[in-house]
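Before any comments, here is the structure.
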Amino acid sequence: MPELRVVKSELVLGGQKSGKTARAERLAAAWLDVSEVHRAVYIATAQAWDEEMRERIERHRRDRAERVPRMSTVEEPFELARAIGEHSRADTLIVVDCLTLWLTGLLMPAVDKPMTQATPLHLAHTIASCAGPLVLISNEIGLGVVPMGRDVRHFVDSLGTLNQAAASACERVTLMSAGLAMVLKGEP
């Protein structure tokens, strides 16, 4: 496997179980290996809406602690820009996992945090102003047929807009498929 090079900002896109999180964790481990003073922070955006999701979140916590033991975890389902800003330092790599679940939380009818057109622009500004390296993970869900139902189409459109804004603001964009990375933007 080629050596990973950490850049100022990277968007890692892909489908379910494509290797997105594994790439982000490898980038964090590579960053931590460079220096004892380097830090890594994982910002988790998932919410435990049901028992299966609670179990999934707990499994991810355990696995992450084993794979990248020096990386701390912060759970922030809504105030993503604030959380990034709070942990942003030149010596700290931030992993955000993931934009898809963050957007899901913003669009949930039971949650009083609606997404506005400013959300993608605000994210782009946050990416640009991050003091240290930032790795964003998001699902690429727009490759299939047009989904049934207005709400699902709205979500797919909103995620596509968010991903485009993040890709535009990031130095590197990587598409993951079957655990393989294809760099779409920037140097590998």
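Read the figures in this text as sums done on the coordinates, not as results from a lab. Since the model is a prediction, treat every value here as computed from it, not as a measurement. Glycine gets a Cβ as well: all are built from the backbone with ideal geometry, and neighbour counts include every protein chain shown.
Please say if the range 35-74 is rounded, prolate or oblate, where rounded means a/c under 1.5 for a ≥ b ≥ c the square roots of the C-alpha gyration tensor eigenvalues, and otherwise the choice is prolate for a/b larger than b/c and oblate otherwise? Cα axes put the range 35-74 in the oblate bin. In the chain, excluding the sites themselves, the longest stretch lacking any of the chymotrypsin sites (Phe, Trp or Tyr not before Pro) that are in a DSSP loop with at most 15 other Cβ atoms within 10 Å is 79-188.
Electrostatic bookkeeping for PRO188 treats Lys and Arg as +1 and Asp and Glu as -1; over the other residues with beta carbon under 14 Å from its beta carbon, the sum is +1. Ranking VAL156, ALA24, LEU184 by how far each Cα lies toward the positive end of the dipole of the range 9-185 (charges on Cβ) leaves LEU184 at the top. Loop-located GluC sites (Glu not before Pro) across the range 1-50 with a Cβ neighbour count of 14 or fewer within 10 Å are GLU3, GLU36, with loop assigned by DSSP. Footprinting exposure proxy ranking of VAL37, VAL95, VAL6, fewest other C-beta atoms within 10 angstrom first, gives VAL37, VAL6, VAL95.
What's the longest uninterrupted piece of the chain once you rule out the trypsin sites (Lys or Arg not before Pro) that are loop residues per DSSP with at most 16 other Cβ within 10 Å? Result for the longest clean stretch: 90-188. Projecting the Cα atoms of PRO77, LEU99, TRP49 onto the charge dipole of the chain (Cβ charges, centred on the Cα centre) puts LEU99 farthest toward the positive pole. Its Cα centre serving as origin, the range 1-107 has a Cβ charge dipole (Lys and Arg +1, Asp and Glu -1) of approximately 300 debye. Note on the chain: helix-only mean residue ellipticity at 222 nm, from DSSP H runs of 4+ residues weighted -39500 (n - 2.57) and normalised by residue number, equals -14000 deg cm²/dmol. Net length available on complete extension from ALA81 to LYS8 is 24.6 nm, with 0.36 nm assigned per residue and the Cα-Cα distance removed. Sorted ascending by nearby beta carbons within 10 Å, beginning with the fewest, HIS154, HIS38, HIS87, HIS60 become HIS154, HIS60, HIS38, HIS87.
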